[in-house]
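Have a look at the structure below, then the notes.
The values are calculated or read from the model by the stated rules, or taken from the named source; none is laboratory data. Predicted model only: the values in this text are computed from it and were never measured. Neighbour counts are summed over all protein chains in view; Cβ atoms, including those assigned to glycine, are modelled from backbone coordinates with ideal geometry.
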Ligand code: UDX
């Protein structure tokens, strides 16, 4: 059985899901209020950078399972299953801005004439999916709506891989038929033995937040252990490796650094704290995670201060601006925060990143000197400071670095270099938790 699926919101999540669901054999129409985006997609241009997406996009368009529609009303009318994959950005106060979601819900209610299954893919605070159900029924009592919460766990840069190899598929709905329908939609995963978690709306919504908050907690934990390693002379790399050998802990997400960033962890941890407040439950552990994560940026600057003294007028070569490697995304990037603090301390910044320079330029303008070539960026600097774990920084030509740098300080805030090799070349090396 193949389903007629409409994806409402063809951003990063919507497009990856659309392409993936089409590859599973479903008939998928993607639509968006941004008509220009749909025009581009119709011309065969994929407007996001995501490794592997092009191949799946072309194949499914060619084989007629994937198409794009500018007319949102028409796309809604034709779909049996409507996935809502619109953005749910953070508001200034940490709350979630649901205005795109409610516009989508109104459009579905307005244009639906036949029974619809509405799947909430966007990350929404607990309680939202139930409100979606209520609102759809209120706005259009003549149509039968079945609602499902189906959160995603896609990583930027690995989203296509993650779509086809998820650890689990979470389906929040109480209706038997809707559960069967969702199983059909994700049939290839089901056949491959991917675990399916069936639960109610609230559980599904909370799984997403708990998942991200736990990962944020794990990173923050290893960052604090790394800071302690610095103080006592232990090696966090060995500590993390040994921790990871305990099957109950697992080896992933134990890489210390300048703190987590990106479009999800900071936003979702803040939203979880807000949610707790709303329901009268303290999320004190996650509040501490948020605070410690902000403090971790300052730890990096503190290390530079200890190594260089007063930073005023010091020239620092920052290597890496993106929130993680393999992306040009600088949203809530720890590197951007570190540069901001360094500028406040009146340091002079030479910055390099393989992908994120244009985005960073829009933040810092001329207050930072940007370089396309990382070695050019190092010329006459007092120190280099690695803030994103790009592969190109793992294999620095240390002889070349030596000849270019005025000072001799290497601050490796992502632990990508081999300390002994760097020290042998006469540098003062410092990582995170490996002093
Ligand atoms: C994350 C989740 O992994 C994903 O499941 C969810 O759907 C969206 O949020 P993403 O933001 O793309 O994905 O990046 P991720 O690879 O998880 O890294 C997030 C941040 O944590 C980055 O700043 C990264 O550098 C940092 N990090 C990650 C660490 O500092 N140490 C680690 O061990 C792992």
**OP:** Select the helices (runs of 4 or more DSSP H) contained entirely in the stretch 1-77, then report the ones holding at least 2 residues which are farther than 16 Å from residue 111 by Cβ and touching a helix residue (DSSP H, G or I) at 6+ places or on another chain (Cβ under 6 Å).
**Re:** 12-23, 53-62
**OP:** Taking the residues in the stretch 307-334 that are under 23 Å from residue 256 (Cβ atoms) and touching a strand residue (DSSP E or B) at 6+ places or on another chain (Cβ under 7 Å) as candidates, determine which candidate is farthest from the ligand (Cβ to nearest atom).
**Re:** 308
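Residue 338: away from the ligand (no atom under 16 Å from the Cβ), within 24 Å of residue 216 (Cβ to Cβ), under 27 Å from the mean Cα position of the chain (by Cα) and part of a helix (DSSP H, G or I), yes or no?
no
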**OP:** Kindly indicate whether any position in the stretch 114-121 is within 17 Å of residue 34 (Cα to Cα) and at pLDDT 95 or above.
**Re:** no
Original post:
Which residues, counting only those in the stretch 207-241, are over 24 Å from residue 167 (Cβ atoms), assigned to a helix (DSSP H, G or I) and away from the ligand (no atom under 11 Å from the Cβ)?
Top reply: 224, 225, 227, 228, 229, 230, 231, 232, 236, 237, 238, 239
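Might you let me know whether the stretch 268-278 holds any residue that is in contact with a strand residue (DSSP E or B) (Cβ under 7 Å, 6 or more places away or on another chain) and either on the phi < 0 side of the Ramachandran plot or free of Cβ contacts under 8 Å to residues at least 24 places away in the same chain (or both)? Before you say what the answer is, go through the steps one by one.
We begin by selecting, within the stretch 268-278, every residue in contact with a strand residue (DSSP E or B) (Cβ under 7 Å, 6 or more places away or on another chain); these are 270-271.
Adding the requirement that they be either on the phi < 0 side of the Ramachandran plot or free of Cβ contacts under 8 Å to residues at least 24 places away in the same chain (or both) leaves 270-271.
Taking every residue of the stretch 268-278 in turn, at least one turns out to be in contact with a strand residue (DSSP E or B) (Cβ under 7 Å, 6 or more places away or on another chain) and either on the phi < 0 side of the Ramachandran plot or free of Cβ contacts under 8 Å to residues at least 24 places away in the same chain (or both).
Yes or no: residue 391 under 21 Å from residue 256 (Cβ atoms), within 16 Å of the ligand (Cβ to nearest atom) and surrounded by fewer than 19 Cβ atoms within 10 Å (Cβ to Cβ)?
Numbers: under 21 Å from residue 256 (Cβ atoms): yes; within 16 Å of the ligand (Cβ to nearest atom): yes; surrounded by fewer than 19 Cβ atoms within 10 Å (Cβ to Cβ): yes.
Taking the combined requirement at face value, the residue satisfies it.
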Subject >> Where residue 159 falls short, out of the listed (1) crowded, with 22+ Cβ neighbours inside 10 Å; (2) touching a strand residue (DSSP E or B) at 6+ places or on another chain (Cβ under 9 Å) >> reply: (2)
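Can you give me the number of residues within the stretch 242-263 that are near the ligand (Cβ under 10 Å from one of its atoms) and modelled with pLDDT of 95 or more?
At the first step, the residues of the stretch 242-263 found to be near the ligand (Cβ under 10 Å from one of its atoms) are 251-263.
Keeping just the survivors that are modelled with pLDDT of 95 or more gives 251-262.
Final tally of qualifying residues: 12.
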Subject >> Selection status of residue 383, within 16 Å of the ligand (Cβ to nearest atom) and closer than 24 Å to residue 299 by Cβ >> reply: no
